Structures are given as C-alpha cells and as structure tokens.
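A.B. asks: First, the structure itself, so that you have it in front of you.
The values are calculated or read from the model by the stated rules, or taken from the named source; none is laboratory data. For clarity, every value in this text was computed on a predicted model and none was experimentally measured. Glycine also receives a Cβ, built like all others from the backbone with ideal geometry; neighbour counts cover every protein chain displayed. Just the protein is used for accessible areas: all its heavy atoms, side chains included, with ligands, DNA and RNA removed. Shrake-Rupley method; radii C 1.70, N 1.55, O 1.52, S 1.80 Å.
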Amino acid sequence: MKKRVITSMMLMLCLAAQQVFALRFRVRVPAGESGESSGAVKWIVYAIVIVVVAVTLYRYFFKARGFLRLFKGGFRMDEKTSLTEDQQRKILLGAIYAMFDKGYLNSVKTGLEKEEREDRLKEDWNIDDHDTAVDALNDLKIACKKDYSSHIAEAFKLKGQKAIEEYLNETFVNPNDAKACAEQIGRAFKYIGNLVKEGIVKDEAEFSRIGGIAFDATRLISVARWCAESKYISEKELWEYVDFADELAHKSLTSWEDYGKSYLIGYCLWGADGYELKYRTPTVKKLMNEPDSPWQHFSFAK
C-alpha cells in the first residue's frame, strides 16, 4: 500500500511539473508583469522539486535506516520488552541470527524494517501470507527432527568409505534418508579439522555428542519471529514454534556454550563453506564468552 501511494504521488507531482512548464510557454504575459509572473512560476517549480525530493527521501528512509543499523555493535536488547524472563530465554535461542541482523535479541519485535523483513521472507523462504508461512515453518520443524549425530559418530569410527556405505545401507530403509545422512557425514569429515582448529570442538567425540540441532532451532525461531512481526502468523502460533525448538534443543544440550557450538556444527552439516564458517564463528563466540552477552545473564536451563 505504501509503495502504491508513494508511486501515485510521484506520478501526480511529475504531471503537475509538466503542466507548469507547459503553462509557462503558453500563457501570454502582459508587458510589465513578465518579471513578476516569471518569478511566481520559478517558485512553483522550486516547490514541486522540493516535494519530489522529500517524497524520494521518505521512500528510501527506511532502507537507509536498515542499512545504518548494520553498523551498530554490541548486544541489542529491547529494554521495553513485555516478555517474561523465561520467554526471553526461549527467544534468545534465536540470538545468533539476530546478532547477524543487528536486531533485538530478547523480544518478539526483531528491530528489522518492515520492507527488509518481508523481502527476506519472500525471497529466501517464499513466505508472503499465513499459508506459506505455516508451510515453511512446518518444513523447518521437520528439519529439526532429522538428526544424524549418532550415525556421524559411527562413521567417525568406521572411517573407510566402503564401510560407511555398507553401514548406511544396513541402517536406512529409505534411500533419501541414507543419501541425506551420507551428505552430512561427508561434511563432518570435511570440517572437523576446521572446528578443532577454531577451538569449537576438541575432537570427533565432542562433535558427535553436541550435534547440530541448534542451527535448525535458531532458524525456526528466527523465521517464526519475522512471520509474527509481519502478521503472517499469530503470537500464539509463534510460541508453538518457539516452544518446539526449545524442547528439542534441551533434549541434547545443557549449556549456552554447547548451544553455540551446536549452531556452528549444524551450519557445517547444512553445507556452509570454510569462508562462511570463519565469518560466523566470531559472532557466536561473542555470545558464548563476552561478559555482557545475554547468554551470560539468562540461564540456559528450563
């Protein structure tokens, strides 16, 4: 609606400017009044130009504000949040995404501009209404349940490609599940060295114990927040997804430190490359280690 109104205003102003210029050449001005009339026309033109500039600035103000937000540092907390401490704890499971966005870490309100948020939902998740939001969020719930940590642990023991293939054939009936698991095993072998080097995990045993559930939980909570703020889902629906992610995360993880490590493990298993991993690791470490991080002030335990 806002775009249509602004576009209409711009079109009307352009037409008005065109008419003023046409009028300037059509009207016959009596001698002695030409200077005064010319000055009046000039001020009308100036006024139209000012209005056009003002409308253009208004059009891009929110995009500019969203861009400037990206230069903010630290942990952005919503001091006016109405959420309880336990609700904030749950929302903080999505804090990693919020940190990348320079948004609020502890409220339903994300701090993202409306157009920025809705463009992202449409382009990245194909969400633009309630039905598409529910479809995408339910798909994310299914992704949360596909945990191959125990299979990866077994693959680390087997190591040989042929032995791993035999293990997968014996374990999975559905070939699609076997293929998905094989892909994650390949990524686990590829990135375990990077994660050990970055100090994220000590060894293969810790990699398998922690698993990658936090990556899926973070995505689910973050997308649900965007959808709720855009009014694609109700707040009641939002908390159903948040509670699901919270329950799942606490089945295998017991601390914010493990949760942060789990996000990075899950990011690797999802298919991140080495550059992306290196880019995201410092932000996760900030949440895990810095004294003013909300993860230091809110209990991970339920």
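A.B. asks: Here are some conditions: (1) closer than 18 Å to GLY274 by Cα; (2) in contact with a helix residue (DSSP H, G or I) (Cβ under 9 Å, 6 or more places away or on another chain). ILE152 meets all but one. Which one does it not meet?
C.D. replies: Every condition holds for ILE152 apart from (1).
A.B. asks: Okay, next question. Would you confirm whether or not segment 165-182 contains a residue that is of a type in the set (Phe, Trp, Tyr) and open to solvent by less than 50 Å² (accessible area, probe 1.4 Å)? Steps first, please.
C.D. replies: We begin by selecting, within segment 165-182, every residue of a type in the set (Phe, Trp, Tyr); these are 167, 172.
If we keep only those that are open to solvent by less than 50 Å² (accessible area, probe 1.4 Å) as well, we get 167, 172.
Within segment 165-182, one or more residues are of a type in the set (Phe, Trp, Tyr) and open to solvent by less than 50 Å² (accessible area, probe 1.4 Å).
A.B. asks: Go through segment 219-254 and give me each residue that's within 21 Å of TRP270 (Cβ to Cβ), hydroxyl-bearing (Ser, Thr, Tyr) and within 15 Å of the chain's Cα centre (by Cα).
C.D. replies: SER222
A.B. asks: Report whether or not MET99 is aliphatic (A, V, I, L, M), in a helix (DSSP H, G or I), within 21 Å of PHE300 (Cβ to Cβ) and open to solvent by less than 60 Å² (accessible area, probe 1.4 Å). Before you say what the answer is, go through the steps one by one.
C.D. replies: Details: aliphatic (A, V, I, L, M): yes; in a helix (DSSP H, G or I): yes; within 21 Å of PHE300 (Cβ to Cβ): yes; open to solvent by less than 60 Å² (accessible area, probe 1.4 Å): yes.
Against the criterion (aliphatic (A, V, I, L, M), in a helix (DSSP H, G or I), within 21 Å of PHE300 (Cβ to Cβ) and open to solvent by less than 60 Å² (accessible area, probe 1.4 Å)), MET99 qualifies.
A.B. asks: Ok, one more. Every residue in segment 138-176 that is under 30 Å from LEU238 (Cβ atoms) and free of Cβ contacts under 8 Å to residues at least 24 places away in the same chain, please.
C.D. replies: Residues satisfying the conditions are ASN138, ASP139, ILE142.
A.B. asks: Taking the condition of being buried (at least 20 other Cβ atoms within 10 Å of the Cβ) and within 14 Å of the chain's Cα centre (by Cα), how many residues in segment 102-113 meet it?
C.D. replies: The number of residues fulfilling the criteria is 5.
A.B. asks: Tally time: how many residues in segment 189-213 are in contact with an Asp or Glu (Cβ under 8 Å, 6 or more places away or on another chain) and among the small types (Gly, Ala, Ser)?
C.D. replies: Residues in segment 189-213 being in contact with an Asp or Glu (Cβ under 8 Å, 6 or more places away or on another chain) and among the small types (Gly, Ala, Ser): 2 in total.
A.B. asks: Quick check on this structure: which one of SER252, SER230 is within 16 Å of LYS146 (Cα to Cα), open to solvent by 10 Å² or more (accessible area, probe 1.4 Å) and small (Gly, Ala, Ser)?
C.D. replies: Among SER252, SER230, only SER252 is within 16 Å of LYS146 (Cα to Cα), open to solvent by 10 Å² or more (accessible area, probe 1.4 Å) and small (Gly, Ala, Ser).
Yes/no matrix, rows are residues, columns are (1) among the charged types (D, E, K, R); (2) under 27 Å from HIS250 (Cβ atoms); (3) part of a helix (DSSP H, G or I):
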site	(1), (2), (3)
ASP139	yes, yes, yes
ASP147	yes, yes, no
PHE156	no, yes, yes
ALA178	no, no, yes
ARG187	yes, yes, yes
